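Just below is one structure, and these are the notes that go with it.
The values are calculated or read from the model by the stated rules, or taken from the named source; none is laboratory data. Please read these numbers as outputs of a predicted model, since none were measured by experiment. Ideal geometry is used to build each Cβ from the backbone, glycine not excepted, and the neighbour counts take in all protein chains shown. Heads up: the accessible areas ignore ligands, DNA and RNA and are worked out on the full protein's heavy atoms, side chains in. Shrake-Rupley method; radii C 1.70, N 1.55, O 1.52, S 1.80 Å.
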Amino acid sequence: VSQSRYRLKKKMATRSFIAKKNPTTGRYTAIYCHWDGYPEGVGLTLRDHYNTPEKVSFLLEQGDISSLCETVVETVEGSYRTRGDKNVDAMVFESLDEMCEHYRGCWCEYGYIWMDGKWNCLVLTTQTVNLYTLSKETANV
């Protein structure tokens with residue numbers, strides 16, 4: 001498996017999920033990501049490298065991932081599906097609350113949702129779901 005410069009920096013088991021809101025149905029399609037889920041990790045990688053609806057959809061089609069890299073090719077090389085795991089397809093949720101409840105049960109600390117042409121971050125470690133647009137300032141970079 002090739003290593004991107006990003007993956008060599010830091011590796012922490014900060015779980016997260018990556019989702020896209022369907023503007024027509026209001027449903028959410030989401031996948032799980034195990035490593036580097038904090039905003040400076042997965043958040044900035046999404047913002048900088050997965051910034052079109054096509055790239056986001058293609059990423060979600062790959063199913064649950066171990067870590068997010070700068071390209072889908074690198075991400076897929078270490079994905080759960082590639083290593084032979086089962087039941088790793090993206091999941092569809094009827095509401096934001098349903099999705100957050102599911103991923104809190106997977107110990108996710110952050111969630112990232114593509115909607116209205118931009119990435120938004122959820123902090124799941126609080127009782128209320130706080131949604132904010134992911135920017136350089138909010139990712140503490």
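The residue that is most open to solvent (accessible area, probe 1.4 Å), counting only those in segment 107-136 that are modelled with pLDDT of 90 or more and small (Gly, Ala, Ser), is Gly117. Does Thr25 fit the bill of being out of contact with any Asp or Glu (no Cβ under 6 Å at 6 or more places or on another chain) and modelled with pLDDT of 95 or more? So Thr25 passes the test. Listed by first and then second residue, the pairs linking a residue in segment 92-104 that is closer than 16 Å to Thr125 by Cβ to a residue that is part of a strand (DSSP E or B) and open to solvent by 90 Å² or more (accessible area, probe 1.4 Å), with Cβ atoms under 7 Å apart and 6 or more places separating them unless they lie on different chains, form an empty list. Checking each residue of segment 71-89 against the condition of being within 16 Å of Ser16 (Cα to Cα), surrounded by 14 or more Cβ atoms within 10 Å (Cβ to Cβ) and in contact (Cβ under 8 Å) with a residue 60 or more places away in the chain gives no match.
Here Glu54 does not qualify as open to solvent by 60 Å² or more (accessible area, probe 1.4 Å), under 17 Å from Cys108 (Cα atoms) and charged (D, E, K, R). Taken together, the residues in segment 20-36 that are closer than 11 Å to Asp64 by Cα and either touching a residue at least 40 places away in the same chain (Cβ under 8 Å) or polar (S, T, N, Q) (or both) amount to 3. Quickly run through segment 89-101 and pick out the residues that are within 14 Å of the chain's Cα centre (by Cα) and either more than 16 Å from Trp114 (Cα to Cα) or part of a helix (DSSP H, G or I) (or both). Asp89, Met99, Cys100, listed by residue number. Residues of segment 57-69 that are among the charged types (D, E, K, R) and crowded, with 21+ Cβ neighbours inside 10 Å: Asp64 alone. Output the residue which, of all residues in segment 28-48 that are among the aromatic types (Phe, Trp, Tyr) and modelled with pLDDT of 95 or more, is surrounded by the fewest Cβ atoms within 10 Å (Cβ to Cβ). Among those residues, the one meeting the criterion is Tyr32.
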